[in-house]
Structures are given as structure tokens and as C-alpha cells.
Amino acid sequence: MKTLSHERMTRHLQRVSRLTDPLVLFAGALFAAVLLLARRHPHGLDFARPSPWLGLTTALGLILLLLVGLSVIRRLSRRRLWLASAWTSTVLLAGTGLAWYGVVADTSSTLTRGTQVVDGRQSDAYLKAHPAVPRVPTGVFIQALRFTSAYDVEVSGYVWQRYDDSLPVGLERGIVFPEADESYEPEKVYEIDRDGEQVIGWYFDVTLRQSFDYSTYPLDEQNVWLRMWHPDFAHRVVLVPDWAGYPPWRPHAAYGLDSDFVPGNWDVKATSFSYDVPHYSASFGQQRHYRAQAQAYPELYFNMHVAREFISPLFGRIIPLTFIAVLVFASLFVTTKNTARFPLSGFDGLTIVAFAAAILLVLTVDHNTARSETGSHGIAYVDYLYFCLYFMIIAVVWNSLLLSRGPRIGVVEWRDNLAPKLLYWPVLALVVFGVTATTFLL
């Protein structure tokens, strides 16, 4: 195969440069129009409450910046080519950073189990199908939350209940957390009789086994919930939130938490009450024959919407991956077909293979450690970042073998392997941006 000539590459890049000029003008006008419309839309450019306008404006801005970078390629000088490569990589990495920031800053969504209720009117409307059952107002105050493993979370705090004198005589007092382990032993801390009702409070410290979705780790958000039952099965008691024990409840607010609440590596974005109707495949011996509809009594949940703090994964995962990417990029500069430069580097294709094997070993061990932190059986977002580096390592090894021992390929031999060096960071940044957009934005 003939070596790609300097003049031929120059003609190709000049054609691309001429095409980018009208595209830059069109993209600039479109970006200005969309930006003007987005600013007039409520929350149009608010990362805390993202809208389609925000996504469209950001996408057009990134496209405009990429076209501006490509338009500088007028001549085939090394300086302009490196400038275009650096500009393209920076824009794509900035897009990835904006996506990360949008996920962290987003407060518009609240994770709940079942149907969320925010006041007495909503809870009464939800429970209108069960008007005759006794209702016991129940409140929760959380003091500490700690993840002890990927699917175990320890929660401690107080729960209280109000028993009106109009409730059936002999109604049992108490609270049950059905998902707690054997360590659950509620401790009654107070009991008050006043104004025709009895108020009882318990302290609890329980470890809950729950399922969490780690597909977006390390930018994941989880819902930690307290599922609550009343111990008196005979009266079919339904627990209702004690709205009087809290300020006026607002969505996306965090109530029922200690002022000194320490969630570890997690940030509580919101708390909420919700109801969910279970469908049990057993009657618990409460009826002679099993009837599915007889089990349809709603259960009360106290939800804590928590988001992982990004600082720890940033230093523990992202920065080490960046250093590995830099080392792999540096290996592109030590292989050459220039016989005058070869004694200086002393590297050939097989040496690069040995170097890549060592890097892969380190990367694989770190990857396994990351997966063990989540215990996820699926593929998380951080796994795709490792896959991107696996791909780039294989591509660099393949390039080195082609350059040192393979057939003559014009793009590889052009200017002593300049094209792969120029494309390394833009390709890596493009793949990472594509994975990020697919995971969080689509």
C-alpha cells in the first residue's frame, strides 16, 4: 500500500475545513435562537430542574464549539493539528463534565417506593378504599444512616405513634419493620397520655436488607426506605403519617432528620412518605382459605432519597483512570520506524505488548475492586469507563505492531505515526461522552 502523501492529506483536510465554515454559521445562528427561547422558558437553563431546553442548548453549544475547532485546520502544520486535537478533546470532556454536574445538581426527581403522599388530604384520598379500618398516626425521626455493604443499610432513630381513645379496646401497641434483621429490638422510650390519646415513642437501630440499583455508579442515587407494619393483624390497622409532627411537607425537602445527621458518603436529597399495596402469596393464617383481594391493605413507607457524594469516587476511581490513560498515550511516542530515533527510545511492538499487559493487569485489579464495592450483577457506568480504556490499550498495541512489524499502511506511517497520536484523546473523549450521554441523558 502506498504511503499517504503530505499533499493528499492536505487536500482532504482543506475540503473538510471549507465545509465547516457554513456549518459554523448555521450552528451559531441556531444556538443563539435556541438559547433565547430557553431563557424565556421557566427553568429552561436550570441544572437543578433540567428540561429539554437545557439538553438542546447544551448539545448545540458543544456542536458549535467542535465545528469552530475543526475550522482552524487550514494547513497541515503540526501545531494546527495538535490544536484541533486538543480542542476537540477538551470540548467532549467538558460535555462529559456538564453531564456529571447535571446529574449531581438535579433535584427535580424524588425516589419513592409506591405512591408518594405529602399531606393528610392525599393520604386520605389514597386510603378511601379502606374507610372502616383503624388508623394509627405514625412519625419517624432518623438519626443515622450507614451502608454496611452493597445491599445492607443500618438505620437508627425514633418512631412514635398516636393512639386515640376511640380506637378498638385491646388494640395492640407497637411497630414492626418487616425487612429488619434479627438485631431489631425496639426500645420504648416514652409514653404520654393526654387530650384523649396515648403517644408512644420507640428507639430503633436496625439493619435493613434492600435492593439498590448501581447502574449509574459512581453518580448513583438510591432510595432507602423504612417499611412499617402494625403488629395487630386482627384489626387490620393501617398506619398513616403523623403530619402534625412535621412542618408543612414540601416535595423535594428533607424532613424527619437529625440536624447532626451524618450519612457518610451519601447526601440526603429528600424524604417522603408513601404507600404501596403488597400482594402476598399467603394468608398468614388470618382466614380459612387464601383470597388474594383480602391481602390488599396498603403499607406505609418512609423514604430517604440519597445521592452518593462524588468526591470519594473521583479520587478513588476517575483520577487513577486518567493517569492510566496518560501512560497509554505516552506509549505512542516510543515506537517509531525512524532508524535514527529508534536507539533513543529502544521500544518496538513487542515491548509495547509487554507494557500493555502490565497496565491491563493493574486496570483489571482496580476494576474488580470497583465492582466489589457495589456488588452489582449488571454493568454499571464506571464499568464502561474501564471498557473504554481496555479498547484504547488494545488499539495502541495494534498500532504499535502495525508500525513495527505489520504491512505498510499510509495512515499509520504518515509523519511517523502522527495520526494515531492526534486521534487518541478525541476518540477516547468521544467514547466516554457517548457512554455518559447514553447512561444519563437518553
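Name the residue, out of Leu361, Leu385, that is modelled with pLDDT of 80 or more, within 30 Å of Thr148 (Cα to Cα) and surrounded by fewer than 19 Cβ atoms within 10 Å (Cβ to Cβ).
Exactly one of Leu361, Leu385 is modelled with pLDDT of 80 or more, within 30 Å of Thr148 (Cα to Cα) and surrounded by fewer than 19 Cβ atoms within 10 Å (Cβ to Cβ), namely Leu361.
Listed by first and then second residue, the pairs linking a residue in the stretch 431-442 that is touching a residue at least 12 places away in the same chain (Cβ under 8 Å) and more than 20 Å from Met392 (Cα to Cα) to a residue that is assigned to a helix (DSSP H, G or I) and aliphatic (A, V, I, L, M), with Cβ atoms under 7 Å apart and 6 or more places separating them unless they lie on different chains, are Phe440/Ala99; Phe440/Val103; Leu441/Ala99. Restricting attention to the stretch 179-198, the residues being closer than 24 Å to Trp225 by Cβ, assigned to a strand (DSSP E or B) and over 33 Å from the mean Cα position of the chain (by Cα) number 3.
Mind listing just one residue for me: the one in the stretch 108-165 that is out of contact with any Pro (no Cβ under 8 Å at 6 or more places or on another chain) and aromatic (Phe, Trp, Tyr) and, of those, farthest from Gln198 (Cα to Cα)? Among residues in the stretch 108-165 that are out of contact with any Pro (no Cβ under 8 Å at 6 or more places or on another chain) and aromatic (Phe, Trp, Tyr), the one farthest from Gln198 (Cα to Cα) is Tyr151. Taking the stretch 313-346 as the range and being open to solvent by 70 Å² or more (accessible area, probe 1.4 Å) and either outside any helix (DSSP H, G or I) or modelled with pLDDT under 85 (or both) as the test, the residues that pass are Phe315, Phe333, Lys337, Thr339, Ala340, Arg341, Phe342, Pro343, Leu344.
Look at Asp205 and say whether it is within 31 Å of the chain's Cα centre (by Cα), at pLDDT 90 or above and surrounded by 15 or more Cβ atoms within 10 Å (Cβ to Cβ). In short, yes.
In the stretch 211-221, is there at least one residue being part of a strand (DSSP E or B), touching a His at 6+ places or on another chain (Cβ under 8 Å) and closer than 30 Å to Val382 by Cα? Taking every residue of the stretch 211-221 in turn, at least one turns out to be part of a strand (DSSP E or B), touching a His at 6+ places or on another chain (Cβ under 8 Å) and closer than 30 Å to Val382 by Cα.
The values are calculated or read from the model by the stated rules, or taken from the named source; none is laboratory data. Remember, predicted model here, so these are calculated numbers, not experimental data. Glycine gets a Cβ as well: all are built from the backbone with ideal geometry, and neighbour counts include every protein chain shown. To get the accessible areas, we keep the full protein, side chains included, count just its heavy atoms, and leave off ligands, DNA and RNA. Shrake-Rupley method; radii C 1.70, N 1.55, O 1.52, S 1.80 Å.
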